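*Asks:* Quick one: the structure is below, questions incoming.
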Amino acid sequence: MADVAETANSAASRVALITGANRGLGLVIADRLGRAGYRVAGTHRGSHPHSDHIAAWVQLDVTDAASVDAAFTEVEDRLGRVEVVVSNAGLTRDGLVLRMSDDDFTSVLDTNLTGAFRVARRAAKSMVRARWGRIVFVSSISGRVGQAGQANYAASKAGLLGMAKSLARELASRNICVNVVEPGPLPTDMTATLTDDQRAQLVAAVPLGRMGELDEVAAAVEFLVGDAASYITGVALAVDGGLGM
């Protein structure tokens, strides 16, 4: 294991790239890793907030393989080799299946699932050479239990687990761990559109009786990318208050 120990830097110097880091959960994850000492690169599609904990911002469109490659190259030039990737960028186009167009379905899968694949494929190149890496896909409990009006979103999030398990098997021999977090209901733009009655029904279905906090999910991500989780790969960690039981 000496070669692994030599190539794996301490958390204080590792470069972490978080997609969709310009708002919501992605921003909270990026800030938390930055506070923990990671050199964080956050991606955005057009604009981003200021954060003292994010070392670099880069533009990235996960639906474009060339954009993915360009973003990684920029981060490598500015911060160094990307050792940790949190694939968080996502899209929703909710609607009942009888009203859902082909584009509504395929565009969500292209962003949430195929986009995550493009990011992981690019990240794995340098991780394999270095014989160390961490990849975490941000899924959703909807991918486990389904949700009316979200056939596209739930399918994309369910697909992340199968992909993570496959990549975990492929990359394990190079000391690369690939895992998934499955957040439950959170105070995000998605739940902000719910009515008070819908929000109350959602919370009532959660055994712990409340929505989660964004930082609770970020804490799970920090654990999975850290040394304490070095023997964990190919798993889905539900941070959902028990909703998916």
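*Asks:* What distance in nm lies between label points placed 7 Å from Cα along the C-beta direction at Val203 and Ala228?
*Replies:* Calculated label separation equals 2.9 nm.
*Asks:* Across 10 Å bins from 0, what is the distribution of all Cα-Cα pair distances for the chain, in whole percents?
*Replies:* 8, 33, 38, 17, 4, 0
*Asks:* Quick check on packing: order 80-90, 115-125, 51-61 by the mean number of other C-beta atoms within 10 Å, highest mean leading.
*Replies:* 80-90, 115-125, 51-61
*Asks:* Still on this structure, I have one more. To the nearest 20 debye, what is the magnitude of the charge dipole of segment 149-245 about its Cα centre, counting +1 on the Cβ of each Lys and Arg and -1 on the Cβ of each Asp and Glu?
*Replies:* For this selection, approximately 440 debye.
*Asks:* Could you go through segment 177-187 in sequence order and give the Karplus-derived ³J(HN,Hα) for each residue, using 6.51 cos²θ - 1.76 cosθ + 1.60 with θ = phi - 60°, rounded to whole Hz, and x for Gly and Pro?
*Replies:* Result, ordered by residue: 9, 10, 9, 10, 10, 10, x, x, x, 10, x Hz.
*Asks:* On to the next question. Kindly state, to the nearest 0.05, the FRET efficiency for Ser13 paired with Thr193, given R0 = 51 Å and r defined as their beta-carbon distance.
*Replies:* According to the calculation, E is roughly 0.80.
*Asks:* Around Leu237, which amide H atoms from residues at least 5 apart in sequence, or from another chain, sit under 5 Å from its own amide H, with H modelled in the peptide plane?
*Replies:* Amide H neighbours of Leu237: Val180, Val181, Glu182.
*Asks:* Accessible area per residue of the chain at 1.4 Å probe, in Å²?
*Replies:* Per-residue value: 46 Å².
*Asks:* If you don't mind, there's one more thing I want to ask. Per residue, how big is the convex hull around the C-alpha atoms of segment 125-210? Give it to me in cubic angstrom, could you?
*Replies:* In segment 125-210, the Cα hull volume divided by residue count equals 120 Å³.
*Asks:* Also, I was wondering about something else. Calculated from DSSP H runs of 4 or more alone, at -39500 (n - 2.57) each and per residue, what is the 222 nm mean residue ellipticity of the chain, nearest 500?
*Replies:* Helices in the chain give a 222 nm mean residue ellipticity of -13000 deg cm²/dmol.
*Asks:* Above 16 Å lies some portion of the pair distances; for segment 31-136, what is it as a whole percent of all C-alpha pairs?
*Replies:* 62 percent
*Asks:* Between segment 165-244 and segment 100-142, what is the C-alpha centre distance in whole Å?
*Replies:* If we compute the Cα centre of each part, the gap is 16 Å.
*Asks:* If you average 1/r over every pair of different alpha-carbon atoms in segment 78-193 and take one over that average, what Kirkwood value in Å do you get?
*Replies:* Taking the inverse mean of 1/r over all distinct Cα pairs, segment 78-193 comes out at 14.9 Å.
The values are calculated or read from the model by the stated rules, or taken from the named source; none is laboratory data. The structure displayed is predicted, hence computed values, not measured ones. No Cβ is skipped: glycine too gets one built from the backbone with ideal geometry, and neighbour counts run over all protein chains shown. Side chains included, ligands, DNA and RNA excluded: accessible areas come from the protein's heavy atoms. Shrake-Rupley method; radii C 1.70, N 1.55, O 1.52, S 1.80 Å.
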